[in-house]
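A short write-up of the structure that comes next.
What follows is calculated from the coordinates using simple rules that are stated; it is not laboratory data. Every value quoted in this text rests on a predicted model; they were computed, and no experiment measured them. Every residue, glycine among them, receives a Cβ derived from its backbone with ideal geometry; neighbour counts consider all protein chains shown.
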Amino acid sequence: MGKDLIPPGSGIEPVNLRSALEERYLAYALSTIMHRALPDVRDGLKPVHRRVLYAMRLLRLDPGAAFKKCARVVGDVIGKYHPHGDQSVYDALVRLAQDFSQRYPLVDGQGNFGNIDGDNAAAMRYTEARLTEVARLLLDGLDEDAVDFRETYDGEDKEPIVLPGAFPNLLANGSSGIAVGMATSIPPHNAAELCDAAMHLIDKPDATVEDLVAFVKGPDFPTGGILIERQADIIEAYRTGRGGFRVRARWEKEELDRGMWQAVITEIPYQVQKSRLIEKIAELVQERKLPLVEDVRDESAEDVRVVIVPKSRNVDETIMMEALFRLSELESRIPLNMNVLSRGQVPNVIGLKQVLVEWLAHRREVLIRRTNFRLGEIVRRLELLDGYIIAYLNLDEVIRIIREEDEPKKELMAAFGLNDTQADAILNMRLRNLRKLEEMEIRKEHEELSDEKRDIEDLLASEAKQWKTVRWEISKVRKTFGPDTPLGKRRTTFGEAPTHGAEAVSQALIEREPITVVISEKGWIRALKGHVTDLSGLQFKAGDKRAISFTAQTTDKLMVFSDSGKMYTLGADKLPGGRSTGEPVRLMVDMDDGTDVIDVFVHAPERKLLLVSSDGYGFVTAESDLVANTRKGKQALNLSAGAKALKVVPVDGDHVAIIGENRKLLVFPLGQVPEMSRGKGVRLQRYQSGGVADVKVFQGEKGLTWTDPGGRVFLRTLADLADWLSDRAMAGRLPPTGFPRSNSFGERGF
């Protein structure tokens, strides 16, 4: 609507839509950040938690007091301080009472407050609550002007902006929340360790993060578990305020009868729901993704007890558990993102040292404010005591003035130089306080308060004494929650990263089944179930036929050798099924265009291979060095211009027989061929034209065999081959009678 179209006096004002949206969304974002999602670094609380604790304090739900219904607490919170939904406030209260969510619960709950399985708490009309000792420490000092108050949302009451926070709650209990454009995630820590680090920081303000990590070794989760993060990563996370911690379930091997055993999980990672965890493991077992596991059972009562039954007694328990850690939430990564309201005003990601520094600064400020409050009380009390002492010294005259004068207050003030407060106190004094003993007690109290006043003034004048007092207060908290106390004992321990390699674990995740691998001449591969002997009925694409077939297991690795000299590795369990014509090998690996598959065989780590190029060069290599970890493969045989990789044969003997396209046969000792990890190799046979036709490694004492097209097997001993036995790189001579015209030994070495 244009400005000119708005009738005057209509009450409509034109507003730029973009600026209006920006302004309103910014207000919403700031409200979410400041008043909902991010905790204050000083007391570690969000507004809803702070208001819950404050409302419970006003209801006198102190530790040791009688419980009251949670509905009463929630009603006070939403009616006076937090105008949001009752269920959201109750959920916040419930979380403060859950010993599996809070490392140091702030609310002592009575009734059903949910469980580690993820079940919800009972309705607020059934549950009851009161504060814990930890909450009392956070609130201690509210009546002593320790912090500032502000008006509540309706202006009818006051609420604290922040709590005094004598307990290091931000790190001890952690926090999590999602604001607009930012989030926070802080895991729980051990309070005694935090106190030790804070006291060290008071003693040595220039302490580094490495110094502090000597005390705060890592998170301490209420559900225990084992932290397996590297020390360097832990230090870096605490330095920057960003990172994460890998936590694993705690388990033990439990021996049974007849050599059987089972794995028993006694602690699970933080914030993992046990029921969902067991359901996930059961699904993996049912889907046969955990072939080493037979069954999973939940035998938990008050403590966690999840039983993992292995497939057989011969299963390696550590490999089985590594497979479980990989596929389930038995291993979990707890993020660290210390995005907090620094000084209660600025959202910022800060490190461990800065968190402790700001908490200590808050504790010193609280100390100074409480001390000033106490000093004011002492000054006012001393003022009254001075008036009482004057009254006792002139008791008869005081009594006369009170009995005879019309305005005794004015007369008392004029006669003895009293102020208004002192005169009122004397006039309000009870008759029984006029005894002699009372005078002695007043003088004694006056002396004690005067001494305390001097000590307080000394404290306020000395920063060193202030820090000494803060340190003493923290030491008391440390003693209350020390490692020898049930609540303060560290629950999360530290362990090493997994010792089993990824290869062993990957093998454990594959169910061992027999298969028959078939490769066509055009490079299409598939796997038939079982060890099939009759392959005559197999169908192939038009113009294609079977080239190679062999039996294997689904746990095997397959080695694919291409004419580019590269070796690729395929998992037998990843092959397409035998019902189809399969898939091209070049699509399963990153094989270059224009290259062909020379051979495919089952990987044998202990075996050695002879690699041969078309121009007669080659070398021996360990097969274990040729395993490729990526789809790109591993270059094994380097080739001359125009040459291609031609053969890969197993080294099972001490002599090499090689025949060229020129039908010249040469036999020489295998020892003349060097062993290399990769390269071009050495010349095996010399040609005037053409190249290699076939090659074979054989045992000299058994002799050389070959098979003709008719299936007949020929054998020639080394004595028979004396005319062909020479050194490598020679030309050779025409083969013995009966050697196939195809210039092939007619046998596949694998």
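For the chain, with only Lys/Arg (+1) and Asp/Glu (-1) charged at the beta-carbon, what is the dipole magnitude about the Cα centre, in debye rounded to 20?
3200
With 10 angstrom as the radius, rank ILE659, ILE378, ILE12 by how many other C-beta atoms surround their C-beta, starting from the fewest.
ILE12, ILE378, ILE659
How would you rank 456-463, 725-732, highest first, on the average number of other Cβ atoms within 10 Å across their residues?
725-732, 456-463
Over the stretch 604-750, calculate the relative contact order: mean separation of alpha carbon pairs under 8 Å at least 6 apart, over the residue count, as a percent.
26
Counting other Cβ atoms within 10 Å of each Cβ, which GluC sites (Glu not before Pro) in the stretch 156-260 have at most 14 and sit in a DSSP loop?
GLU156
Among HIS655, GLN688, PHE619, pick out the residue whose Cα is farthest towards the positive end of the charge dipole of the stretch 604-750, where Lys and Arg carry +1 and Asp and Glu carry -1 on C-beta, about the Cα centre.
GLN688
At a 10 Å Cβ-Cβ cut-off, how would you order PHE745, PHE739, fewest neighbours first?
Neighbour counts put them in this order, fewest first: PHE739, PHE745.
With a cut-off of at most 12 other beta carbons within 10 Å, and DSSP calling the residue loop, which trypsin sites (Lys or Arg not before Pro) in the stretch 150-250 qualify? Please list them.
Answer by residue number: ARG230.
Roughly how big is the stretch 356-480's charge dipole about its Cα centre, with Cβ charges of +1 (Lys, Arg) and -1 (Asp, Glu), in debye to the nearest 20?
Here the size comes out at about 1000 debye.
Output wanted: per-residue J couplings in Hz (rounded whole) for the stretch 118-135, from phi through Karplus 6.51 cos²θ - 1.76 cosθ + 1.60, θ = phi - 60°, x for Gly and Pro.
With the stated coefficients, the stretch 118-135 comes to x, 5, 6, 6, 5, 4, 5, 6, 9, 9, 10, 8, 7, 7, 9, 5, 5, 5 Hz.
What size of dipole, in debye to the nearest 20, comes out for the stretch 604-750 about its Cα centre when the only charges are +1 on Lys and Arg C-beta atoms and -1 on Asp and Glu C-beta atoms?
540
So which GluC sites (Glu not before Pro) in the stretch 668-750 are both in a DSSP loop and have at most 14 other Cβ atoms within 10 Å of their Cβ?
Within the stretch 668-750, the qualifying GluC sites (Glu not before Pro) (loop, at most 14 other Cβ atoms within 10 Å) are GLU701, GLU747.
Compute the distance in nm between two label points, each set 7 Å from the Cα along the Cα-to-Cβ direction, one at SER744 and one at LEU715.
A separation of 2.4 nm, rounded to one decimal place.
Starting at the first residue of the stretch 51-64, write each ³J(HN,Hα) from the Karplus equation 6.51 cos²θ - 1.76 cosθ + 1.60 with θ = phi - 60°, in whole Hz, x for Gly and Pro.
5, 4, 5, 5, 5, 5, 5, 5, 7, 6, 8, 6, x, x
I need the calculated FRET efficiency for the pair TYR153 and ASN428, taking r as the beta carbon distance and R₀ as 60 Å, to the nearest 0.05.
Efficiency for this residue pair is about 0.90.
Okay, helix-only estimate at 222 nm for the chain: each DSSP H run of n ≥ 4 adds -39500 (n - 2.57), divide by all residues, round to 500 deg cm²/dmol; what do you get?
After summing the helix terms and dividing by the residues of the chain, the value is -10000 deg cm²/dmol.
Give me ASP599, ASP99 sorted ascending by neighbouring Cβ count inside 10 Å, so fewest comes first.
Lowest count first: ASP99, ASP599.
Between rounded, prolate and oblate, where does the stretch 554-625 land on the alpha carbon gyration tensor, with a ≥ b ≥ c its root eigenvalues, rounded for a/c under 1.5, else prolate if a/b exceeds b/c?
Oblate, since a/c reaches 1.5 and b/c is not below a/b.
Let's test the formula: R0 of 25 Å, r as the Cβ-Cβ distance of SER462 and ARG380. What FRET efficiency results, to the nearest 0.05?
The computed FRET efficiency comes out at 0.55.
Take every Cα pair under 8 Å in the chain that's 6+ residues apart, average their separations, divide by the length, and report that relative contact order as a whole percent.
9
What spacing in nm lies between the two simple spin-label points modelled at ILE228 and MET260, each 7 Å away from Cα in the Cβ direction?
2.7
Nearest 10 degrees is fine. How inclined is helix 395-404 to the longest principal axis of the chain, computing both from alpha carbons?
Its long axis makes an angle of about 70 degrees.
Over the stretch 356-480, what is the relative contact order in whole percent, taking alpha-carbon pairs under 8 Å and six or more residues apart?
It rounds to 37 percent for the stretch 356-480.
Take THR240 and ASN16, extend 7 Å from each Cα along the Cα→Cβ direction, and tell me the distance between the two endpoints in nm.
That separation, rounded to one decimal, is 3.8 nm.
Compute the acute angle (0 to 90°) between the alpha-carbon long axis of helix 352-393 and the principal axis of greatest extent of the alpha-carbon atoms of the chain; round to the nearest 10°.
So the helix axis and the longest Cα principal axis differ by about 10 degrees.
Rounding to the nearest 10 and keeping the result within 0 to 90°, find how far the Cα-based axis of helix 231-240 lies from the longest principal axis of the chain.
50
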